[in-house]
Amino acid sequence: MDQNELVEGKKKTILQIFLEQYKDFLVIILIIAAVASGFMGDVESAAVILIVITMNAILGTVQTIKAEQSLASLKKLSGPEAKVLRDGAVVQIPSAEVTVGDIVMLEAGDYIPADGRLLECASMKVDESALTGESLGVEKDNDDYKRRKCTTWRPGEYGLFGQFCHLWKRFISCN
């Protein structure tokens, strides 16, 4: 196991992004219109339509690439952190560095960095809406302890959320 993060899918090449711009239903109709115009002898109209479609595909490709780059830089800036108990001291580390057996310290509003088992807990509610669709927090308890602590046991792609993502990718292509 490397990092406590989900494995990203294969990135599309610039050529794939460019060719995907031609999948739109209206673009296909315009291509058919350009071909029909060319067969009827109106080469000028066909050329104009094809030039406009190509310019649209180029602009769409540039916008898509810029959006992906912006998203990647935002992802680097907003990486969640976790408080873990290591060598008897609570240290704050990037959540990608949480490993199996780490004891994670949680407070109100904290991001839960990995699947784990509660060791100590008092009136804890967890927002599981991304997994279950429930709009309200789910009550978690473990013999009414005073603090919230959990130990990780399956980080990243091996956790329940990671397994859900792998199953989802099998049935639906989500790029």
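Laboratory data are not the source of any read-out in this text; all were calculated from the coordinates shown. Source: prediction; values computed, not measured.
The 3J(HN,Hα) values that the Karplus relation (6.51, -1.76, 1.60; θ = phi - 60°) gives for region 99-104 are, in residue order, 10, 4, x, 5, 9, 9 Hz. Gly and Pro appear as x. Kirkwood hydrodynamic radius of region 1-106, from the reciprocal of the average inverse Cα-Cα distance over all distinct pairs: 18.1 Å. How many percent of Cα pairs in region 57-116 exceed 13 Å? Above the 13 Å cut-off, region 57-116 has 67 percent of its Cα pairs. Scanning residues 5 or more positions from residue 82 or on other chains, those with amide H under 5 Å from its amide H are 93, 95, with H placed 1.01 Å from N in the peptide plane.
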